[in-house]
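The values are calculated or read from the model by the stated rules, or taken from the named source; none is laboratory data. Predicted, not measured: the structure shown is a model, and the values here were computed from it. Virtual Cβ from ideal backbone geometry, glycine too; neighbours counted across all protein chains shown.
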Amino acid sequence: MSVLLGIDVGTTATKALLLDPDLGIVAEAERVTHLRSPHSGWAEEDPREWWHNVCSLCRELITPETEVVGVGVTGMVPCTILLDDEGRQLRRSVQQNDARTTEEVPELRRRLSEARVLQRTGSAVTQQSTGPRLLWLASHEPDVWAQTKCIMGSYDFIAMRLSGERAVESNWALESGLFDLETGHWAEDIVEAAGGRLSLLPPVASPDQVVGQVTADAAGETGLPVGIPVVAGCADHIGSAFASGLLDDGDLLVKLGGAGDILLIVDEPLVDDRLFLDFHLVPGLFVSNGCMATSGSLIRWFQEQLADGLSLSTLDEQADAAGPGAGGVVALPYFLGEKTPINDPTASGAFVGLRLTHTRGHLFRAVLEGIAYGFRHHLDVFRELGHAPRRVRVTDGGSRSAVWTQITADVLGLPLEKVAMRSASAVAAAFAAGRGVEAFTDWHEIERFVSVTEVVEPTGSPAYERNYRVYRELYPKLREVLA
């Protein structure tokens, strides 16, 4: 059986699957990963754990009868990994939702005030940008920085461990804020303003570009045969949009995952400092998107810290009983600062409107509604820029919650099409590998693997409109008080 291997380096788990070009997914498995936050605002992971997971997953999934013909990797973006001259990691990764660069962001903005960064790179200088992280590392960890010879992202690292070749996929390059859309090359002036140099940055590859083959060392650790082509792969959120069938201008995806993503497909670059910009896997299309620092991770925090480890199904029941509007409680979900659309790593989370009559169910529902208000804030930005969604789909683990999905549909005021695929990002990575080895000839062939299981219609509630107005007013007022 000839199959394609898709690997997803996620924030909470490493996943892998085998995709048969004719039959679809034939096997899949996952391993837990651990997010570390040793200081306030920090978010780090150990790439060695990712690699250990990949080796374990490959040995579980691949049998003597399995013929893997191509490998693709996807992952969170733009996390930052530092390597020495031998390709060894020098420290844990700095994750995409890390918020330590509160001083470096304004400093780099000052240095680049005349550089037209937003127009050239598609994104403003924010806590997610790679440049401020380089400034932080040079200042706070000079010994590590002095040894650094290469910088790359999560899925680029796994592709390198498999193939021995250094490259970064185009969306890591674009989201790093160091890549110039106008020239199609690394922006030397921006890199140098961040304290870096061009020699630190590998070549940029397209998702289906073969960057190398599985080496003897990698084969020994994973059980994969030597010589299998490895493609550059894709950013996880872009892979999710692609594998969910979002292939046309106006398609919108809401991802209810560890972080909250909302992605709009556009046929030309949509540049705004409140949004991120990515390349679609389909050449000629782009993805204008927002990413909130916490959504599923905030739910996990609530479950562990405020609910004594109650199951999510029990919490959903309590939230459902609380009713729309959570009894007037509004949650501001900025528990790890916030990325888009406010781009403020110092922002704080909050619950307001509390009374002794409120229960845990009200608080949990307020969390679910607060995340949905964050999505609506992005939708308002899209519409302000003249882009209303044509069709909306919802994916990731949170879409299995009927309560959360209904709240999201109600707050957005739009029907949500649930996509059945659990591991969409890994499917996209496997599909990109299939393109690289010519198992697929057209990107639109992904549609035969997409299945919409349910359409969640909005029911509406005046309580959401009232609470959304409160939500929008809370952040600027609290910023004044807490500054």
Identify the single condition in (1) modelled with pLDDT under 95; (2) assigned to a loop (DSSP other than H, G, I, E, B) that Leu310 does not satisfy, given that it satisfies every other one.
-> (1)
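Filter the strands (runs of 3 or more DSSP E) completely within the stretch 1-52 down to those with at least 2 residues that are touching a Leu at 6+ places or on another chain (Cβ under 9 Å) and of a type in the set (Asp, Glu). Working first, answer last.
Numbers: elements: 2-9, 13-20, 24-32.
Per the criteria, 24-32.
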How many of the residues making up the stretch 56-77 are at pLDDT below 95 and either of a type outside the set (Val, Ile, Thr) or not assigned by TED's automatic domain parsing to the domain that holds Val26 (or both)?
-> 3
Thr126 versus (1) part of a helix (DSSP H, G or I); (2) out of contact with any strand residue (DSSP E or B) (no Cβ under 6 Å at 6 or more places or on another chain); (3) among the hydroxyl-bearing types (Ser, Thr, Tyr): which is the lone unmet condition?
-> (1)
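Let's see how each residue does on (1) among the polar types (S, T, N, Q); (2) under 19 Å from Tyr464 (Cβ atoms); (3) touching a helix residue (DSSP H, G or I) at 6+ places or on another chain (Cβ under 7 Å):
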| position | (1), (2), (3) |
| --- | --- |
| Ala322 | no, yes, yes |
| Leu336 | no, no, no |
| Val352 | no, yes, yes |
| Leu363 | no, yes, no |
| Ala366 | no, yes, yes |
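Given Val437, Val455, which one is without any contact (Cβ under 8 Å) to a residue 60 or more places away in the chain and touching a Pro at 6+ places or on another chain (Cβ under 7 Å)? Quick ask: steps written out before the conclusion?
Working: Val437 fails: without any contact (Cβ under 8 Å) to a residue 60 or more places away in the chain.
Going through Val437, Val455 in turn, the sole match is Val455.
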Breaking point among (1) surrounded by fewer than 18 Cβ atoms within 10 Å (Cβ to Cβ); (2) farther than 15 Å from Gly370 by Cα, for Leu312 | (1)
Restricting to the stretch 257-276, what's the tally of residues that are at pLDDT below 95 and not in a loop (DSSP other than H, G, I, E, B)?
-> 3
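Quick check on my filter: what residues within the stretch 406-440 are among the small types (Gly, Ala, Ser) and either farther than 19 Å from Phe242 by Cα or in a loop (DSSP other than H, G, I, E, B) (or both)?
To start, the set of residues in the stretch 406-440 that are among the small types (Gly, Ala, Ser) comprises 409, 413, 420, 423-426, 428-430, 432-434, 436, 439.
If the condition is that a residue be among the small types (Gly, Ala, Ser) and either farther than 19 Å from Phe242 by Cα or in a loop (DSSP other than H, G, I, E, B) (or both), then Ala409, Gly413, Ala420, Ser423, Ala439 are the ones that fit.
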Among the candidates Leu281, Leu315, Leu298, residue that is part of a helix (DSSP H, G or I), within 17 Å of the chain's Cα centre (by Cα) and not assigned by TED's automatic domain parsing to the domain that holds His34 | Leu298
Can you name every residue in the stretch 169-197 that is in contact with a strand residue (DSSP E or B) (Cβ under 8 Å, 6 or more places away or on another chain) and free of Cβ contacts under 8 Å to residues at least 60 places away in the same chain?
-> Ala173, Leu178, Phe179, His185, Trp186
If you go through the stretch 382-405 one residue at a time, do you hit one that is polar (S, T, N, Q) and farther than 28 Å from Glu169 by Cβ?
-> yes
Return a yes/no flag: does the stretch 461-472 have any residue that is outside any helix (DSSP H, G or I), over 26 Å from Val282 (Cα atoms), at pLDDT below 95 and not aromatic (Phe, Trp, Tyr).
-> yes
List the number of the failed condition for Ala326; all other conditions in (1) surrounded by fewer than 23 Cβ atoms within 10 Å (Cβ to Cβ); (2) in contact with a His (Cβ under 7 Å, 6 or more places away or on another chain) hold.
-> (1)
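At pLDDT below 95 and not assigned by TED's automatic domain parsing to the domain that holds His280 - does that describe any residue in the stretch 425-437?
Pass one, the stretch 425-437, residues at pLDDT below 95: 425.
Going one step further and asking which of them are not assigned by TED's automatic domain parsing to the domain that holds His280, we end up with 425.
Among the residues of the stretch 425-437, at least one is at pLDDT below 95 and not assigned by TED's automatic domain parsing to the domain that holds His280, which makes the answer yes.
Per-residue answers, yes or no, for (1) within 26 Å of Val226 (Cα to Cα); (2) in a helix (DSSP H, G or I); (3) not assigned by TED's automatic domain parsing to the domain that holds Arg120:
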{"residue": "Trp145", "(1), (2), (3)": "no, yes, no"}
{"residue": "Phe157", "(1), (2), (3)": "yes, yes, no"}
{"residue": "Leu162", "(1), (2), (3)": "yes, yes, no"}
{"residue": "Arg166", "(1), (2), (3)": "yes, no, no"}
{"residue": "Asn171", "(1), (2), (3)": "no, yes, no"}
{"residue": "Glu182", "(1), (2), (3)": "no, no, no"}
{"residue": "Val191", "(1), (2), (3)": "no, yes, no"}
Taking the condition within 19 Å of the chain's Cα centre (by Cα), free of Cβ contacts under 8 Å to residues at least 24 places away in the same chain and assigned by TED's automatic domain parsing to the domain that holds Thr222, does His34 pass?
-> yes
Tell me, please, whether a residue that is modelled with pLDDT under 95 and in the same structural domain as Ala372 (by TED's automatic domain parsing) can be found in the stretch 242-251.
-> no
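Kindly indicate whether Ala366 is assigned to a loop (DSSP other than H, G, I, E, B) and either touching a Pro at 6+ places or on another chain (Cβ under 9 Å) or in contact (Cβ under 8 Å) with a residue 40 or more places away in the chain (or both). Walk me through it before giving the result.
Values: assigned to a loop (DSSP other than H, G, I, E, B): no; either touching a Pro at 6+ places or on another chain (Cβ under 9 Å) or in contact (Cβ under 8 Å) with a residue 40 or more places away in the chain (or both): yes.
So Ala366 fails the test.
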Cβ-Cβ below 6 Å, separation at least six or inter-chain, first residue in the stretch 328-355 and in the same structural domain as Tyr464 (by TED's automatic domain parsing) and of a type in the set (Ser, Thr, Tyr), second part of a strand (DSSP E or B) and surrounded by 22 or more Cβ atoms within 10 Å (Cβ to Cβ): which pairs?
-> Thr340/Gly290; Thr340/Cys291
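Pick out the one residue from Thr80, Thr101 that is touching a Ser or Thr at 6+ places or on another chain (Cβ under 6 Å), surrounded by 18 or more Cβ atoms within 10 Å (Cβ to Cβ), under 18 Å from Trp136 (Cα atoms) and in the same structural domain as His185 (by TED's automatic domain parsing). Break it down into steps so the answer makes sense when it comes.
Working: Thr101 fails: touching a Ser or Thr at 6+ places or on another chain (Cβ under 6 Å).
Just a single option satisfies the conditions, and that option is Thr80.
Test of understanding: among Val381, Val403, which residue is farther than 18 Å from Tyr464 by Cα, touching a residue at least 60 places away in the same chain (Cβ under 8 Å) and part of a helix (DSSP H, G or I)? I'd like the intermediate steps shown before the answer.
Values: Val403 fails: farther than 18 Å from Tyr464 by Cα.
Going through Val381, Val403 in turn, the sole match is Val381.
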